[in-house]
Amino acid sequence: MPESPRRARLPFRLSFRAASCALALGASLSLAACASGGGSTTPTGTGTPARTGPTPNTEQLPSQQWPVKTREHVDLWLHGYAMLQADTARVPLFRRGYQERMRSLRRSQASTRLDANTERLRARLATNPELVNGQFVPLYFGSWDELRRAVDIFFQAQGNPNASGDPNVRTAIAIIAGAFPSGADREWLRTFVESLDDERQRFYHEWWLAQQRQRADAVTAVDSLWQRVYRDKFRRFLQNTQQAGGEILLSLTLDGEGRTVTLGEQRNAVAVGEPEAEAQAVEAIYVLAHEVVNAVTSVALNDNTTPAEQRSGAVSSYAANVTVRGGAMLLQRIAPELVDGYLRYYLRAGGQSVPAGSLETAFAAAYPIPDTIRSAIMRQLEVVLGGI
């Protein structure tokens, strides 16, 4: 199994630019890009309960090209993958120990179809490791109902986008088909979605709502920190790397390794970990930097490795390190006050102890990359940021 699905960019990128946001799937199905347009004033996603803490007064903030949201269906989908995958990445794909904690929490609960189908789903994952790229699919949709309708149409079309004459329906089918191209993959998806439906009804929905109530102040803190402080510091980088708009999705399942997809022209959806407490709100900014910097680290990596090296897998041994290091370089340029915290966070995320001495030395040792790549990232940042 690959160490990381690499955020639908490397090696897998779903980038569909529909002529219209709305997907005409029977009644109404919209991409997440539509549900979160630049004029959105809702900092949290569909299904978020009434908060026990204060809600950000978004009406007093500038137009939010990058709103902060929570999405139950994204968390549910990633939860399903987290319960199936063996997570051995240096920076874990999910919160460290997530599977064990959730199994312990659910021992007193009735078993679900996800439990019953675990071995069957894992067996197909072992046969076709590329199925891990299906983690990105829910980021294109605004709710569980939208995603389910799209999946149902995908099954009706037998995974063939050309089965529909509607370009928006074709886009939805193509998004799912990109991750589940074969008949066997579609059957895996069918079992997976049916398992998640049962998991949601029997356990996950109520648990997710309770978590949102408990973390309401932390979500508010992330929104405030981003909209009032750091969005402006990231602005030039985002604009100059074709990421002027998008949305930040706070996920209960993720930690240092986020997930990013391209929704359309200069629009991304970036899923990062949802903090447990207000004091941890800045960690969402760390992971955001780690995700968006891939716009330049991927260029530096591709330009300084040969096709033969990329095919041989030699690059994969340090590809994840390149993004972690790139995030630190980006913050050094645009928000240097965050660098030490970023280094500590990714040392801990990678299972490393935080030294009493030089953070930079320990960080470089934990995430080594070739000097040529490091220099190339610095040059790319200079081009993108200019004189900052």
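The values are calculated or read from the model by the stated rules, or taken from the named source; none is laboratory data. What you are looking at is a predicted structure, and each value in this text was computed from that prediction instead of being measured. Note that each Cβ is placed from the backbone with ideal geometry, even for glycine, and that neighbours are counted across all protein chains shown.
A few notes on this one:
- In the set (1) more than 23 Å from Asp340 (Cα to Cα); (2) modelled with pLDDT of 95 or more, Glu278 fails one condition alone, (1).
- Number of residues in the range 321-346 that are surrounded by 21 or more Cβ atoms within 10 Å (Cβ to Cβ) and over 17 Å from Ile377 (Cβ atoms) equals 2.
- Residue satisfying condition, being of a type in the set (S, T, N, Q), under 24 Å from Val339 (Cα atoms) and touching a strand residue (DSSP E or B) at 6+ places or on another chain (Cβ under 9 Å), within set Gln239, Gln227, Gln266: Gln227
- Qualifying residue in the range 160-177 (condition: in contact with a Phe, Trp or Tyr (Cβ under 9 Å, 6 or more places away or on another chain), touching a residue at least 24 places away in the same chain (Cβ under 8 Å), buried (at least 16 other Cβ atoms within 10 Å of the Cβ) and outside any helix (DSSP H, G or I)): no
- Of the residues in the range 303-320, none is among the small types (Gly, Ala, Ser), at pLDDT 95 or above and crowded, with 22+ Cβ neighbours inside 10 Å.
- Residues of the range 140-158 satisfying the condition of being over 20 Å from His205 (Cα atoms), surrounded by fewer than 19 Cβ atoms within 10 Å (Cβ to Cβ) and in contact (Cβ under 8 Å) with a residue 24 or more places away in the chain: Phe155, Gln158
- Failed item, numbered, when Arg186 is tested on (1) more than 21 Å from the chain's Cα centre (by Cα); (2) under 19 Å from Val74 (Cα atoms); (3) of a type outside the set (A, V, I, L, M): (2)
- Of all residues in the range 184-196, those that are buried (at least 21 other Cβ atoms within 10 Å of the Cβ) have Cβ atoms under 9 Å from Cβ atoms of residues that are polar (S, T, N, Q) and in a helix (DSSP H, G or I), 6 or more apart or on another chain, in Ser195/Thr118.
- Scanning the range 217-247 for residues that are surrounded by 20 or more Cβ atoms within 10 Å (Cβ to Cβ) and of a type in the set (Gly, Ala, Ser) yields Ala218, Ala221, Gly245, Gly246.
- Any chance Ala126 is surrounded by fewer than 17 Cβ atoms within 10 Å (Cβ to Cβ), assigned to a loop (DSSP other than H, G, I, E, B) and of a type in the set (Gly, Ala, Ser): no
- Among the residues of the range 90-104, the one identified as surrounded by fewer than 18 Cβ atoms within 10 Å (Cβ to Cβ) and either in contact (Cβ under 8 Å) with a residue 40 or more places away in the chain or closer than 15 Å to Gln135 by Cα (or both) is Arg96.
- Options Thr253, Thr241, Thr220; residue that is assigned by TED's automatic domain parsing to the domain that holds His79 and closer than 28 Å to Thr88 by Cβ: Thr253
- For the residues Arg311, Arg267, Arg348, Arg259, the requirement of being without any contact (Cβ under 8 Å) to a residue 12 or more places away in the chain and under 20 Å from the mean Cα position of the chain (by Cα) singles out Arg348.
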